[in-house]
Amino acid sequence: MNLDLSPLWISLKTAFTATFIAFFLGIAAARWMLGYRGKGKELIEALLISPLVLPPTVVGFLLLLLFGNNSPIGQLLLRVGASIIFSWPATAIAATVVAFPLMYKTALGAFAQIDVNLLWAARTLGASEWTTFWRVTLPLAKPGIVAGTLLAFARALGEFGATLMLAGNIPGQTQTIPLAIYFAVEAGDMGQAFIWVLIILAMSIIAIASVNFWLAYRLPVAAGSNEANTDKAGAGNLKLSLTRDNPNSSLVVDIQKQLRGFSLSVALTTGKDTLGLLGASGAGKSMILRCIAGLETPTKGRIVLNGRVLFDSKQGINQPSHKRRIGFLFQNYALFPHLTVAQNIAFGLRGMPKAERNRRVEAQMAAVQLQGLANRYPCELSGGQQQRVALARALAIEPEVLLLDEPFSALDTHLRSQLEKQLIEILGTYQGVSLFVTHNLEEAYRVCKNLLVLSEGRAITCGAKENIFERPGTFTVAQLTGCKNFSRAQAVSPTLVQASDWGCTLRVIEPLPDNLAYVGIRAHQLSFSLDPNQENTFPCWVVQTSETPHRMTLYLKLHNPPTNSKDYHLQAEVFKEKWAVLKDRPFPWQISLEPLRLILIKKG
């Protein structure tokens with residue numbers, strides 16, 4: 001049997017051509033659709049993937065309407081003496097159309113799986129949208145794109161119905177392997193059809209097996225997946241500094257942004273002293289940082305950095321992230337998993353002479369005690385090492401603002417304590433503006449000099465941390481700063497307050513606010529006395545206790561013994577050494593609420 005191999009060469013030429021075209025069209029469409037936020041997105045998506053679900057003959061008929069001699073395109077081609085239908089280009093067009101949805105959907109899925117923090121990190125490091133796509137998005141999506149390319153090739157190789165409708169079955173010109181199989185069976189030549197089936201089956205299996213191999217062994221390892229690694233480099237003594245001296249750094253933020261469930265509205269002005277943004281989860285802390293960095297756009301308002309307008313809704317100014325010179329330390333560090341430690345730190349230093357770039361990277365690595373790890377990938381580092389790489393990367397670009405979004409949340413207690421001390425040293429020498437987001441009030445107190453307290457998107461107080469903790473002013477601020485003991489209160493005289501929930505009258509020293517609503521006292525500021533006649537001292541009984549490694553929380557009932565486990569007035573915190581002395585004393589004990597420790601809280 002003399003087998004004509006022209007269907008094989010036509011199929012390969014068609015499949016490679018269709019895959020090449022679908023590759024670029026699919027990636028471009030996927031990138032566009034990923035960022036598209038306009039109307040009709042679902043309809044556009046349906047049109048793009050329709051060749052995947054429509055019968056091939058329907059696709060072929062639609063292509064015939066589009067490219068046929070009676071169509072506008074066909075008429076235009078006839079004027080220049082050309083025609084698409086019943087030619088090899090028609091074969092390539094049909095194969096491209098049916099292969100495109102596989103390339104598009106696979107690329108879209110690969111792009112969507114990329115952690116948005118990685119893209120944000122690239123932008124804050126000075127990368128434009130195009131640079132971010134080429135250096136971050138495309139490399140991280142590579143496994144999915146390769147898989148989509150192979151699947152598109154397999155689909156183009158096996159196309160039949162649309163090809164037959166648009167290109168026909170012309171031996172040596174448009175007859176692909178699927179067409180050769182069909183017409184061989186129709187002619188009764190089962191042997192020839194079987195040979196072509198074996199050939200195309202082998203080619204398809206090879207393509208699909210290649211996809212499976214690539215997905216199984218070539219997917220990038222996510223940063224931080226190797227949790228067993230220890231921080232071998234040690235915490236070290238970080239002394240990062242910037243060459244730029246800017247003692248008059250200032251940041252002015254006055255923005256509003258509508259969020260799901262509430263509206264973010266905040267106004268702040270800060271300078272060199274670190275400002276902590278404190279509030280419960282979902283209060284809008286991280287959103288403020290993203291608006292400053294240009295990763296989110298406020299609904300309206302203004303952001304000015306060192307006299308440079310970054311955003312102004314009235315003037316239509318909205319500087320892109322890569323032009324704002326802002327260093328951002330993300331909660332999950334957002335290290336690029338496909339780049340080494342040295343490449344991560346150098347990411348934002350493009351355009352710099354190579355010698356200077358290498359010098360700066362080496363200096364940063366030495367400062368964060370990561371010598372010898374330049375060629376490691378993020379997945380090969382411990383959590384503490386990753387955090388230091390991210391910090392070095394943010395500072396390497398010499399930013400005018402350093403934004404820290406809960407940088408210790410992913411670390412264990414011991415490592416968190418070490419790195420917190422080092423960060424305090426860094427911020428002490430940093431000459432720019434720094435904002436530190438946390439919901440941990442003790443962490444905020446240790447790291448920051450000033451605090452902005454947020455609740456449901458609104459700043460409810462701002463100032464020096466000592467003043468906020470000593471005089472929180474409102475019930476919400478007192479709660480967010482850790483006060484656990486409250487009672488409704490009424491003024492009896494300028495120096496006496498009736499605490500109705502505690503059943504006692506307290507002498508106070510601070511001036512009473514006109515609209516007094518509550519009196520409070522922090523759990524660690526309660527004291528135990530042996531003198532029942534001491535001022536603001538009352539008998540109490542322990543209802544229950546709660547233990548931590550170093551402290552005991554005591555739930556206390558005033559005046560009378562408790563009737564059940566929930567019958568208590570106050571929480572007191574004492575060190576275990578104090579508890580060892582207290583616990584054997586007979587009841588009632590004497591609890592003192594010192595006048596200077598009482599917090600007077602107004603309404604609102």
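The values are calculated or read from the model by the stated rules, or taken from the named source; none is laboratory data. Computed from a predicted model, the values in this text were never measured in an experiment. Here the Cβ positions follow ideal geometry from the backbone for every residue, glycine too, while neighbour counts run over all protein chains shown.
Looking only at region 341-371, filter to residues that are among the β-branched types (Val, Ile, Thr) and part of a helix (DSSP H, G or I); which one of those is nearest to Ala394 (Cα to Cα)? Once the filter is applied, the top-ranked residue is Ile345. Within region 14-41, can you find the residues that are more than 19 Å from Glu129 (Cβ to Cβ), at pLDDT below 90 and assigned to a helix (DSSP H, G or I)? Answer for region 14-41, where residues must be more than 19 Å from Glu129 (Cβ to Cβ), at pLDDT below 90 and assigned to a helix (DSSP H, G or I): just Lys41.
Matching residues to (1) assigned to a strand (DSSP E or B); (2) out of contact with any strand residue (DSSP E or B) (no Cβ under 6 Å at 6 or more places or on another chain); (3) not acidic (Asp, Glu):
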site	(1), (2), (3)
Pro549	no, yes, yes
Met552	yes, no, yes
Pro561	no, no, yes
Val574	yes, no, yes
Glu577	no, yes, no
Val581	no, yes, yes
Asp584	no, yes, no
Ile601	yes, no, yes
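Of the listed requirements (1) surrounded by fewer than 22 Cβ atoms within 10 Å (Cβ to Cβ); (2) more than 24 Å from Pro143 (Cβ to Cβ), Ala92 misses just one: (1). Say we look at region 1-11 and pick out the residues that are part of a helix (DSSP H, G or I), of a type in the set (A, V, I, L, M, F, W, C) and touching a residue at least 24 places away in the same chain (Cβ under 8 Å); which of these is surrounded by the fewest Cβ atoms within 10 Å (Cβ to Cβ)? Ranking the qualifying residues of region 1-11, first place goes to Leu8.
Tallying residues that are under 16 Å from Gly35 (Cα atoms) and either among the acidic types (Asp, Glu) or crowded, with 20+ Cβ neighbours inside 10 Å (or both) within region 107-134 yields 11.
Looking across region 339-366 at every residue that is free of Cβ contacts under 8 Å to residues at least 24 places away in the same chain and hydrophobic (A, V, I, L, M, F, W, C), the one that is surrounded by the fewest Cβ atoms within 10 Å (Cβ to Cβ) is identified as Ala355.
For region 525-546, the condition holds for at least one residue, the condition being that it is within 17 Å of Lys484 (Cβ to Cβ), touching a residue at least 40 places away in the same chain (Cβ under 8 Å) and out of contact with any strand residue (DSSP E or B) (no Cβ under 7 Å at 6 or more places or on another chain). Among residues of region 392-411 being part of a helix (DSSP H, G or I) and farther than 20 Å from Ser249 by Cα, the one that is modelled with the highest pLDDT is Arg393.
Pairs linking a residue in region 559-587 that is farther than 14 Å from Trp541 by Cβ and surrounded by 10 or more Cβ atoms within 10 Å (Cβ to Cβ) to a residue that is modelled with pLDDT under 90 and not small (Gly, Ala, Ser), with Cβ atoms under 7 Å and 6 or more positions apart or on different chains, are Phe575/His550; Lys576/His550. Residue pairs whose Cβ atoms lie under 6 Å apart, separated by 6 or more positions or on different chains, with the first residue in region 68-89 and on the phi > 0 side of the Ramachandran plot and the second assigned to a loop (DSSP other than H, G, I, E, B) and surrounded by 16 or more Cβ atoms within 10 Å (Cβ to Cβ), are Phe86/Gly168. When you look at Asn536, is it over 48 Å from the mean Cα position of the chain (by Cα) and either over 30 Å from Thr461 (Cβ atoms) or aliphatic (A, V, I, L, M) (or both), yes or no? Answer is no for this residue. Is region 488-508 home to any residue that is in contact (Cβ under 8 Å) with a residue 24 or more places away in the chain, under 26 Å from Asn450 (Cα atoms) and touching a strand residue (DSSP E or B) at 6+ places or on another chain (Cβ under 6 Å)? No. Among residues of region 320-338 being surrounded by fewer than 17 Cβ atoms within 10 Å (Cβ to Cβ) and in contact with a strand residue (DSSP E or B) (Cβ under 9 Å, 6 or more places away or on another chain), the one that is farthest from Val266 (Cα to Cα) is Lys323. Counting just the residues of region 474-489 that are small (Gly, Ala, Ser) and surrounded by 19 or more Cβ atoms within 10 Å (Cβ to Cβ), which one comes out nearest to Thr270 (Cα to Cα)? Looking at the filtered set, the residue picked out is Ala478.
Among residues of region 289-302 being in contact (Cβ under 8 Å) with a residue 40 or more places away in the chain and not in a loop (DSSP other than H, G, I, E, B), the one that is surrounded by the fewest Cβ atoms within 10 Å (Cβ to Cβ) is Lys300. The lone criterion from (1) of a type in the set (D, E, K, R); (2) surrounded by fewer than 15 Cβ atoms within 10 Å (Cβ to Cβ); (3) under 43 Å from the mean Cα position of the chain (by Cα) left unmet by Arg31 is number (2).
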